[in-house]
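Chemist: Right, I'll just put the structure down here and ask away after.
The values are calculated or read from the model by the stated rules, or taken from the named source; none is laboratory data. Fair warning: this is a prediction, and the values are worked out from it, not measured in the lab. Heads up, the Cβs are rebuilt from the backbone with ideal geometry, glycines too, and the neighbour counts pull from every protein chain shown. For accessibility, only protein heavy atoms count, side chains too; no ligands or nucleic acids. Shrake-Rupley method; radii C 1.70, N 1.55, O 1.52, S 1.80 Å.
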Amino acid sequence: MDKVLKINESVEKSIINLLKFLLESKKINGVFTLRKLYDNDSVGYSLITDVSELDNAVPFYPLMTANAGKILSHFTQKKPIKKPIAAVLRPCELRAFVELVKREQGSLENFLFISSSCGGVFPIKTVEPDKYISNYWDTVKNADISADIRPTCKACEYFTPYNADITVSLIGEKKLDKECRIFLNTDKANKIVKGFTGEMLEEKLESSEISSLLDKRKTEKKKLFDEIHIEDLGLEGMVEVFGKCIGCHVCSRVCPICYCILCDFESATYDYSQYDYEKELHKKGGLRLPPDTIFFQIGRLTHMSFSCVGCGMCTDVCPVDIPVAAIFQKTGEETRQLFDYLPGKDVEEKIPVMIFKEEEFTELGE
Amino acid sequence: MKEQFTPKIVGFLCNWCSYAGADLAGSAKLEILPSLTVIRVMCSSRIDSNLVLTTLLLGADGILIAGCHPGDCHYEKGNYYARRRFALLRKVVETLKIDPERLQLSWVSASEGKRYAEVVNQFTDKIRKLGPNPIQTNPYL
């Protein structure tokens, strides 16, 4: 049984009030959360230190404008933050941040992580997301899959957070607009909410709603994979899927795991020289331009697929709508199984390519 | 008589074991099929998956990675890392159904000239059966 704080107010209001309380009582020095930016309803991540600014916060708005893990890594990359900050993020974003910390690209120090069971997010390209929002919350209440969320989110099985200090229960909460249950997972969380009004209970986050959503997501995942025939892609299939690729590499720019500033694929190493063009043309009699339709993606898969948290940013930003995330989800599943690894679960666990066991893979090496 | 297909295989050989093994095979005048183009690397763990993938996508019929036997690495544990990375690369290629058979990892020590010849000949036979890499003629790659 976990400790739960029940607050008799809508989820969004409860969390904003909690954040205000923490900020006012100087238990934290800042808040990292989604916030309405202008009057035109755009939403983005913000760092907030002024209590009145929190009125514009929309902590669980279903949009991921950038993977928060990547943003948090940017300002903890050189050294940990000095003063405590509460960060409200989604389970996959938190997992991405942990993956980055494992790669020495950030620090978890002084953060209070507030996450939730997650109903998914809308694609960034969604025009006027406010139109779909009441529908979205209905599906969250009923532990259903909203039709408007990212295809990757529809197929996501890891929608409850790891490593969160506070987990806000959203999935299957019928009375979302009236009450809010927050799970206090760590001592830090227990200490920090002292003095905030609410009823202390002992409950479990796992519920029949959550497991029913998990089943629905699994079915949806199979559907997604079948749609692009991922089981029997082969060379031809890969060329077909990535044939439209314009080589902008934005999928890796937004990827929280791809942190390398000097990405190998952006370097001149794999550029074609005139000689290479001639050689290839001599062999094939024709050449797609730009060359390397699939090399970039297969290369990236071997570099980081085991760490893919399945946030779906890559598919979301792809200008030619290639289902990049689905291919990463599938391949990631396989490579994770190989190493019995779940990205972002445990910060102490090393990434698979940094360790080895002497007695493993003995079947390799003919 | 129909000419037999001689595959083009790229071999990444570790400097301390497999390359020396290849040397030994040569000086012992063992019969080795002329299919392997050797690239010497300091350690099998130096081979990034990108190297293997470019080689494959530029049309090599087969790729052989050879290093010291597990436990015998000149750098103590390089080949364990190499093995893990190879497993990862193979899994990715397997998942996408792109001829995982064309990749091979072998352990050949400096004293195993005979084994080196065997490994090369066997792998060449295997690739012969698979035929040329279909990538060679695909203009859309």
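Chemist: In region A:138-164, what residues are open to solvent by 20 Å² or more (accessible area, probe 1.4 Å), touching a Pro at 6+ places or on another chain (Cβ under 9 Å) and outside any loop (DSSP other than H, G, I, E, B)?
Modeler: A:Pro151, the sole residue that qualifies.
Chemist: Looking only at residues in region A:337-355 that are farther than 24 Å from A:Pro151 by Cα and in a helix (DSSP H, G or I), which one is least open to solvent (accessible area, probe 1.4 Å)?
Modeler: The extreme case among them is A:Pro352.
Chemist: Looking only at region A:180-219, which residues are open to solvent by less than 30 Å² (accessible area, probe 1.4 Å) and more than 22 Å from the chain's Cα centre (by Cα)?
Modeler: A:Cys180, A:Ala189, A:Ile192, A:Val193 - these are the residues of region A:180-219 that are open to solvent by less than 30 Å² (accessible area, probe 1.4 Å) and more than 22 Å from the chain's Cα centre (by Cα).
Condition check ((1) within 11 Å of another protein chain (Cβ to nearest Cβ); (2) touching a helix residue (DSSP H, G or I) at 6+ places or on another chain (Cβ under 9 Å); (3) open to solvent by less than 50 Å² (accessible area, probe 1.4 Å); (4) in contact (Cβ under 8 Å) with a residue 60 or more places away in the chain) across all residues:
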| residue | (1), (2), (3), (4) |
| --- | --- |
| A:Phe265 | yes, yes, yes, no |
| A:Thr269 | yes, yes, no, no |
| A:Gln274 | no, no, no, no |
| A:Gly285 | yes, yes, no, no |
| A:Gly299 | yes, yes, yes, no |
| A:Thr315 | no, yes, yes, yes |
| A:Ile327 | yes, yes, yes, yes |
| A:Thr335 | yes, yes, yes, no |
| A:Lys357 | yes, yes, no, no |
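Chemist: Related question: Out of the residues in region B:100-118 meeting the condition of being within 11 Å of chain A (Cβ to nearest Cβ) and either in contact with a Leu (Cβ under 7 Å, 6 or more places away or on another chain) or open to solvent by less than 10 Å² (accessible area, probe 1.4 Å) (or both), tell me which one is nearest to A:Ile327 (Cα to Cα).
Modeler: Checking each candidate, the answer is B:Leu103.
Chemist: Something else about it: What helices (runs of 4 or more DSSP H), lying completely within region A:224-293, carry at least 1 residues that are more than 16 Å from A:Cys314 (Cα to Cα)?
Modeler: Qualifying helices (runs of 4 or more DSSP H): A:234-242, A:274-284.
Chemist: Also: So, A:Pro319, is that one closer than 28 Å to A:Arg90 by Cβ, open to solvent by 30 Å² or more (accessible area, probe 1.4 Å) and either in a helix (DSSP H, G or I) or not assigned by TED's automatic domain parsing to the domain that holds A:Glu157 (or both) or not?
Modeler: Yes: the conditions hold for A:Pro319.
Chemist: Need the failing condition index for A:Gly44 against (1) open to solvent by less than 10 Å² (accessible area, probe 1.4 Å); (2) touching a residue at least 24 places away in the same chain (Cβ under 8 Å), just the number.
Modeler: The single condition A:Gly44 does not satisfy is (2).
Chemist: Another question, then. List every residue pair whose Cβ atoms sit under 6 Å apart, with the two residues 6 or more apart in sequence or on different chains, where the first one lies in region B:118-141 and is more than 21 Å from A:Met238 (Cβ to Cβ) and the second, anywhere, is at pLDDT 90 or above and polar (S, T, N, Q).
Modeler: Taking only residues 6 or more apart or on different chains, the pairs are B:Val119/B:Ser106; B:Phe123/B:Gln104; B:Thr124/B:Ser35.
Chemist: B:Leu64 - would you say it is under 12 Å from the mean Cα position of the chain (by Cα), at pLDDT 95 or above and within 8 Å of chain A (Cβ to nearest Cβ)?
Modeler: no
Chemist: I need every pair where a residue in region A:230-242 that is modelled with pLDDT of 85 or more has its Cβ under 6 Å from the Cβ of a residue that is open to solvent by 10 Å² or more (accessible area, probe 1.4 Å) and β-branched (Val, Ile, Thr), sequence separation at least 6 or different chains.
Modeler: Hits for this filter: A:Leu235/B:Ile98.
Chemist: A further question follows. Of all residues in region A:214-247, which are among the hydrophobic types (A, V, I, L, M, F, W, C) and farther than 30 Å from B:Asn138 by Cβ?
Modeler: Correct list: A:Leu214 only.
Chemist: Considering each residue of region B:1-55, count those that are of a type in the set (Phe, Trp, Tyr) and open to solvent by 70 Å² or more (accessible area, probe 1.4 Å), and give that number.
Modeler: Final tally of qualifying residues: 2.
Chemist: Yes or no: B:Pro132 more than 10 Å from chain A (Cβ to nearest Cβ) and open to solvent by less than 40 Å² (accessible area, probe 1.4 Å)?
Modeler: When the stated conditions are applied, B:Pro132 does not pass them.
Chemist: Ok, one more. Looking at (1) under 15 Å from A:Ile327 (Cβ atoms); (2) in contact with a Pro (Cβ under 8 Å, 6 or more places away or on another chain), which is the only condition A:Ile246 fails?
Modeler: (1) is the only condition that A:Ile246 fails.
Chemist: When you go through A:Arg95, A:Arg90 one by one, which is the residue that is at pLDDT 95 or above and open to solvent by 10 Å² or more (accessible area, probe 1.4 Å)?
Modeler: A:Arg90
Chemist: Taking into account only those residues within region A:301-313 that are part of a loop (DSSP other than H, G, I, E, B) and within 29 Å of B:Ala82 (Cβ to Cβ), which is nearest to the other protein chains (Cβ to nearest Cβ)?
Modeler: A:Cys308
Chemist: Please determine whether any residue of region A:102-123 is in contact (Cβ under 8 Å) with a residue 24 or more places away in the chain, of a type outside the set (Phe, Trp, Tyr) and in a helix (DSSP H, G or I).
Modeler: yes
Chemist: Does A:Lys216 satisfy being modelled with pLDDT of 90 or more and within 29 Å of A:Ile351 (Cα to Cα)?
Modeler: Considered against the rule, which asks whether it is modelled with pLDDT of 90 or more and within 29 Å of A:Ile351 (Cα to Cα), A:Lys216 comes out as no.
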